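Novice: Before we start, here is the structure in question, set down as structure tokens.
Coordinate-derived values only; no laboratory data. Here the structure is a predicted model, which means the values were calculated and not measured. Here the Cβ positions follow ideal geometry from the backbone for every residue, glycine too, while neighbour counts run over all protein chains shown.
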Amino acid sequence: MKLNKIHHVAYRCKDAKQTVDWYVKNLNMDFVLAIAEDLVPSTKAPDPYMHVFLDAGGGNVLAFFELPNSPDMGRDTNTPEWVQHIAFKVDNLQVLEEAKARLQANGVEVLGPTNHTIFKSIYFFDPSGHRLELAADVGTPEMYAKLDACKWDMLNEWAQTKRAPKHAAWMHEQELQH
């Protein structure tokens, strides 16, 4: 079996209306669907919810659940907040800079652009506290080929040592020179 694509990814939100409005205003996503139920279809649990779906481009759908009868939304406090995030691809660096300016004009605090050698990105949070990233690819075909050639060696070394392998140290040499 080979998967076709991600049908949707779903996260919890604090307020469905606020979430939809925020993504439409700040990331220009289209609001495509809302589903509300009193019973959870898979478990039949009596837990009313609002499930909203947004078009994240390229056939990708980002969805959220508002769960008014559940305890307040939290996060995994054992995982650093920079780890769990949703990254969206943008066309180029100009679009990335325009998005940063738009977000800041709307009062959103933005970190970056951060140089990851093969892409540059900005980071920010939505109203529910989800970390988001916008990324613009800047790598060359040669860079991607070098990374592809060493991915299994890197993974296998990591599995044995739990230390960062140095197969792709060249990605950070530019940072050290500046």
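Novice: Longer than 20 Å from Cα to Cα, which of LYS25/LYS89; LYS89/LYS120; LYS5/LYS162; LYS14/LYS89 are they? Say none if no pair is.
Specialist: The answer is LYS5/LYS162; LYS14/LYS89.
Novice: Of all beta bridges DSSP finds with both residues in the chain, what is the antiparallel percent, to the nearest 5?
Specialist: Roughly 70 percent of the DSSP beta bridges within the chain come out antiparallel.
Novice: Now for a separate question. Out of the stretch 73-178, which trypsin sites (Lys or Arg not before Pro) are coil in DSSP terms and have no more than 13 other C-beta atoms within 10 Å? Could you put the intermediate results ahead of the total?
Specialist: On the way: sites: ARG75, LYS89, LYS100, ARG102, LYS120, ARG131, LYS146, LYS151, LYS162, ARG163, LYS166; in loops: ARG75, LYS162, ARG163, LYS166.
In loop regions of the stretch 73-178 (DSSP not H, G, I, E or B), the sparsely surrounded trypsin sites (Lys or Arg not before Pro) are ARG75, LYS162, ARG163, LYS166.
Novice: Additional query: Viscosity 0.890 mPa s, temperature 25 °C: give me the Stokes-Einstein translational D for the stretch 9-66 in µm²/s, with Rh taken as the Kirkwood radius over C-alpha pairs.
Specialist: On the way: Rh = 11.8 Å.
Translational D for this selection: 208 µm²/s.
Novice: How large is the charge dipole for the stretch 9-66, taken about the Cα centre, if only the Cβ atoms of Lys, Arg (+1) and Asp, Glu (-1) carry charge, to the nearest 20 debye?
Specialist: The calculation lands at about 120 debye.
Novice: Let me ask you something else. Run the numbers on the chain and let me know its relative contact order in percent, using alpha-carbon pairs under 8 Å that are six or more apart.
Specialist: 17 percent
Novice: If you average the alpha carbon positions of the stretch 45-99 and of the stretch 113-178, how far apart do those two centres end up, in angstrom?
Specialist: 22 Å
Novice: A further question on this structure: Quick one: net charge around GLU157, please, counting Lys, Arg +1 and Asp, Glu -1 for every other residue with C-beta under 13 Å from its C-beta.
Specialist: Result for the local shell: +3.
Novice: Among residues other than PRO113 whose Cβ falls under 11 Å from its Cβ, what is the net charge (Lys/Arg +1, Asp/Glu -1)?
Specialist: The answer is 0.
Novice: Report the one residue of ASN26, SER70, HIS7 whose Cα lies farthest in the direction of the positive end of the charge dipole of the chain (charges on C-beta: Lys and Arg +1, Asp and Glu -1; origin at the Cα centre).
Specialist: The listed residue farthest towards the positive side: HIS7.
Novice: Given the convex hull of the Cα atoms of the chain, what is a quarter of its surface area in nm²?
Specialist: Mean projected area for the chain: 13.9 nm², to one decimal.
Novice: Right, here's the next one. Starting from the Kirkwood Rh over alpha-carbon pairs, what translational D in µm² s⁻¹ does the stretch 85-137 have by Stokes-Einstein at 25 °C and 0.890 mPa s?
Specialist: Here the translational diffusion coefficient equals 225 µm²/s.
Novice: With a length cut of 27 Å (Cα positions projected on each helix's long axis) and a Kyte-Doolittle mean of at least -1.0, go through the chain and give me the DSSP H helices that pass.
Specialist: Span-like helices, by this rule, are 141-161.
Novice: Helix-derived [θ] at 222 nm for the chain: sum -39500 (n - 2.57) over DSSP H runs of at least 4, divide by residue count, nearest 500?
Specialist: Numbers: 4 runs with 54 residues, N = 178.
Using -39500 (n - 2.57) per qualifying helix, the result is -9500 deg cm²/dmol.
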